[in-house]
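Asks: Dropping the structure in here first, questions after.
The values are calculated or read from the model by the stated rules, or taken from the named source; none is laboratory data. A quick note: this is a predicted structure, and the numbers were derived from the prediction, not measured. Because the Cβ atoms are built from the backbone with ideal geometry, glycine has one as well, and the counts that use them run over all protein chains shown.
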Amino acid sequence: MTAALSVSGLVKRFGSVEALGGVSFTAGEGEFFTIVGPTNAGKSTLLKTIAGLHAPDAGKVAIDGRDITDLEPRRRGVSLLFQNAALFPNLTGFENIAFPLRAAGTGTAEIERRVGEVAGKLGVGHLLGRHPRTYSGGEQQRVAIGRALARRVPVVMLDEPLTNLDARTRIALRIEFKALHRELGQTILYVTHDQVEAMSLSDRILVLSGGRVEQIGTADEVYRRPATRFVAEFIGSPPMNILEVELEDTAEGQVVRAPGLTLRVPGPLPPGGKRGRIGLGVRPEEVAVAPEPGDATPIAGEVFWVEHLGDRSILDSRLGGQTVKVAVPPRHPVSGVGRAFFGLAPRPEHLLDLSSGRFFR
């Protein structure tokens, strides 16, 4: 994979606060690379530092192998769209999209061609002669995205571009945006706090917390094989359950024990694994539940709260004094509070070192 963007050991401090603590990653040419994390994770700071709006305290940024760490923003070959559309109110849609092209000295014919092409793909051709005050919120964001994409630069960076829109518009733009990326093939760095957005759009995801990289991987990798407790509890709705258990060696193999349950762990313990008190991660949809005990549901427990969400229900349950969320389809035999029986199938890769917060890998 050709590295369109390479970030190595990026550090940024604001006084005594370390906003970025040695961030490193590579986004490949034409990749849709999403940075996801909670508020104050350092997502926007990372984009601004790559763009040259913040000077890093340490580290390096390179595009196509060219070190751009010390270049001024306009010479870096990136474009950055902030969360708020910030269109020029006195300019038409055409002139807003054309603005970065004019600033780069692009010829008139090429500007008309590029603006027309981007406007057509984003469905904003009818807005080119109008001013932003006449646009809806979704139309403003489409025009702003068009401005970010009009100038063909190696890396386009988008900082929560859909956050201020209503749910229906967000979903529509998400679909259009992914299709547009496939057509244009530009490398995109996309920042969001919305895990659904990250999972649906990305080729790969970087999970950021407290200015540090928790994990980089595909949507499937970060969901099914989280590297840390933070990733397990941030990715997924509801998040992964973490049960405190004791891991022991027995004549029958490895087992985990907690009050009210004893479970066998198949296969060898991953490297870095240790016995004793650990965490066991279980996704809510991987917990079996039934109204009566059975081979697959031998563990007695209690459902004490039910959230009916239409396409599924979430059962807040208690197993041996620990709370477990269980996701079940509509019209499941267990649909209300009361006694129930559960089944868990531990996976070696979901065993957690509680002291470090990292899963055995």
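Asks: Does at least one position in region 259-280 carry a residue that is free of Cβ contacts under 8 Å to residues at least 40 places away in the same chain, exposed (fewer than 14 other Cβ atoms within 10 Å of the Cβ) and either not assigned by TED's automatic domain parsing to the domain that holds L344 or not small (G, A, S) (or both)?
Replies: Yes, region 259-280 contains at least one residue that is free of Cβ contacts under 8 Å to residues at least 40 places away in the same chain, exposed (fewer than 14 other Cβ atoms within 10 Å of the Cβ) and either not assigned by TED's automatic domain parsing to the domain that holds L344 or not small (G, A, S) (or both).
Asks: Could you check E252 against (1) more than 15 Å from the chain's Cα centre (by Cα); (2) within 13 Å of G281 (Cα to Cα) and say which number it fails?
Replies: It is condition (2) that E252 fails.
For every residue, the table says whether it meets (1) among the basic types (K, R); (2) in contact with a Gly (Cβ under 6 Å, 6 or more places away or on another chain); (3) closer than 25 Å to Q215 by Cβ; (4) touching a residue at least 12 places away in the same chain (Cβ under 8 Å).
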position: V11; (1), (2), (3), (4): no, yes, yes, yes
position: G22; (1), (2), (3), (4): no, yes, yes, yes
position: F25; (1), (2), (3), (4): no, no, yes, yes
position: G28; (1), (2), (3), (4): no, no, yes, yes
position: L47; (1), (2), (3), (4): no, no, yes, yes
position: G77; (1), (2), (3), (4): no, no, no, yes
position: P89; (1), (2), (3), (4): no, no, no, yes
position: T92; (1), (2), (3), (4): no, yes, no, yes
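Asks: From the list V326, V334, pick out the single residue that is β-branched (V, I, T) and within 12 Å of I299 (Cβ to Cβ). Working first, answer last.
Replies: On the way: V334 fails: within 12 Å of I299 (Cβ to Cβ).
That would be V326, the only listed residue that is β-branched (V, I, T) and within 12 Å of I299 (Cβ to Cβ).
Asks: How many residues, within region 21-51, are touching a strand residue (DSSP E or B) at 6+ places or on another chain (Cβ under 8 Å) and either outside any strand (DSSP E or B) or not assigned by TED's automatic domain parsing to the domain that holds A179 (or both)? Break it down into steps so the answer makes sense when it comes.
Replies: Of the residues in region 21-51, the ones touching a strand residue (DSSP E or B) at 6+ places or on another chain (Cβ under 8 Å) are 21-38, 41-51.
The next check asks that each one be either outside any strand (DSSP E or B) or not assigned by TED's automatic domain parsing to the domain that holds A179 (or both); those that pass are 29-31, 37-38, 41-51.
Residues in region 21-51 being touching a strand residue (DSSP E or B) at 6+ places or on another chain (Cβ under 8 Å) and either outside any strand (DSSP E or B) or not assigned by TED's automatic domain parsing to the domain that holds A179 (or both): 16 in total.
Asks: Taking E18, is it acidic (D, E) and in contact with a strand residue (DSSP E or B) (Cβ under 8 Å, 6 or more places away or on another chain)? Spell out the reasoning first.
Replies: Values: acidic (D, E): yes; in contact with a strand residue (DSSP E or B) (Cβ under 8 Å, 6 or more places away or on another chain): yes.
Considered against the rule, which asks whether it is acidic (D, E) and in contact with a strand residue (DSSP E or B) (Cβ under 8 Å, 6 or more places away or on another chain), E18 comes out as yes.
Asks: Assuming G138 fulfils every condition listed in (1) over 26 Å from the mean Cα position of the chain (by Cα); (2) not in a loop (DSSP other than H, G, I, E, B) apart from one, which condition is it?
Replies: (1)
Asks: Quick check: anything in region 108-116 out of contact with any Lys or Arg (no Cβ under 9 Å at 6 or more places or on another chain), crowded, with 20+ Cβ neighbours inside 10 Å and either among the hydroxyl-bearing types (S, T, Y) or over 28 Å from D194 (Cα atoms) (or both)?
Replies: yes
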